[in-house]
Amino acid sequence: MATKRRQAFDTKSFLARVGDGRSIGKYRKGQIIFSQGDPGDAVFYIQKGKAKLTVVSEQGKEAVIAILGTGDFVGEGCLAGQARRIATVTSMVDSVIVRLEKSAIIQVIHQEPAFSELFIAHLLGRSIRVEADLVDQLFNSSEKRLARLLLLLANFGKEEKPEPVIAKISQETLAEMVGTTRSRVSFFMNKFRKLGFINYNGSIEVNSSLLNVVLHDQPPIKN
């Protein structure tokens, strides 16, 4: 008797449906998804929207450390023994977020290679981004760092199609992420606009010509 073939696992469908250990929530702009100090008991997947990660020091200083978008996971530190959240995640626009309980995501990672590949790709991408951010902070000017951040927010250089129009984001937030002052960000944004690299009127529209700022005088990499 022929054995019944196992149906191929559909990762997109899995992340789009409510099920055991999975729930889907709608978050308004400015709504907190989880807070620094909360128990680390789940991983979240951004089905639609954008979210920012912020950290508050013991002295009360807040810093934006990342902005995530559609297709990103967040909160995966709980899988590596992180009992408490080390950052706060807040929705930047109306978003749809999938919550996967820790036990549920561990189970699917063990049982479904297709999901494991997706999740590992996410982790590797995040690691590469952190390394690139560190190099950026160490060696590039604040002008180049701002240009790179705007390109990343617009998805330039990623596999998916660029989204040139960035959801409204304050100059204070950009300054925190770049590691400079708001006045410097304002100066560079006006410069980029005059040169035609961006259109800036509340929302930010990024043109591919902004790549020139990042690539100009880029040191060659020796083999």
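The values are calculated or read from the model by the stated rules, or taken from the named source; none is laboratory data. Computed from a predicted structure; not experimentally measured. Here the Cβ is made from the backbone with ideal geometry for all residues, glycine too, and neighbour counts use every protein chain on show. Remember, those area values only see protein heavy atoms, side chains included, never the ligands or the DNA or RNA. Shrake-Rupley method; radii C 1.70, N 1.55, O 1.52, S 1.80 Å.
Summary table
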| item | result |
| --- | --- |
| Label-point separation in nm, Ile65 to Asp38, each point 7 Å along Cα→Cβ | 1.6 |
| Proximal charge balance of Gln137 [Cβ under 13 Å; K/R count +1, D/E count -1] | 0 |
| Distant-in-sequence amide H partners of Phe34 (H built 1.01 Å from N, under 5 Å) | Val89 |
| Among Val56, Val93, Val64, residue whose mean-square fluctuation peaks in a GNM of the chain (springs only between Cα atoms under 10 Å) | Val56 |
| Accessible area per residue in Å² at 1.4 Å probe, computed on the chain | 61 |
| At 0.890 mPa s and 25 °C, Stokes diffusion of the stretch 68-128 via Kirkwood alpha-carbon radius, µm² per second | 189 |
| Among Leu174, Leu68, Leu134, residue whose mean-square fluctuation peaks in a GNM of the chain (springs only between Cα atoms under 10 Å) | Leu134 |
| Charged-residue dipole, Cβ positions (Lys, Arg, Asp, Glu), the chain about Cα centre, Debye nearest 20 | 440 |
| Sequence-distant residues sharing a close amide H with Lys50 (under 5 Å, placed H) | Met92, Val93 |
| Exposure ranking of Val135, Val18 by accessible area [1.4 Å probe, largest first] | Val18, Val135 |
| Summed residue charge, Cβ within 9 Å of Asp94's Cβ, Lys/Arg positive, Asp/Glu negative | +4 |
| Dipole magnitude of the stretch 69-123, debye to nearest 20 (Cβ charges: Lys/Arg +1, Asp/Glu -1, about Cα centre) | 280 |
| The stretch 1-106 shape via C-alpha gyration tensor axes, a/c threshold 1.5 | prolate |
| Viscosity 0.890 mPa s, temperature 25 °C, Stokes-Einstein D of the stretch 16-169 from Kirkwood C-alpha radius, µm²/s | 148 |
| Degrees separating the helix 102-111 axis from the principal Cα axis of the chain, which is the longest one | 70 |
| Length-normalised contact order for the chain - Cα pairs under 8 Å, 6+ apart - percent | 19 |
| In degrees, nearest ten, helix 113-139 long axis to first principal axis of the chain (Cα) | 20 |
| Surface share of carbon and sulfur [accessible, 1.4 angstrom probe, percent] for the chain | 54 |
| Gaussian network model of the chain, springs between alpha carbon atoms under 10 Å - residue of Lys48, Lys191, Lys144 with greatest fluctuation | Lys191 |
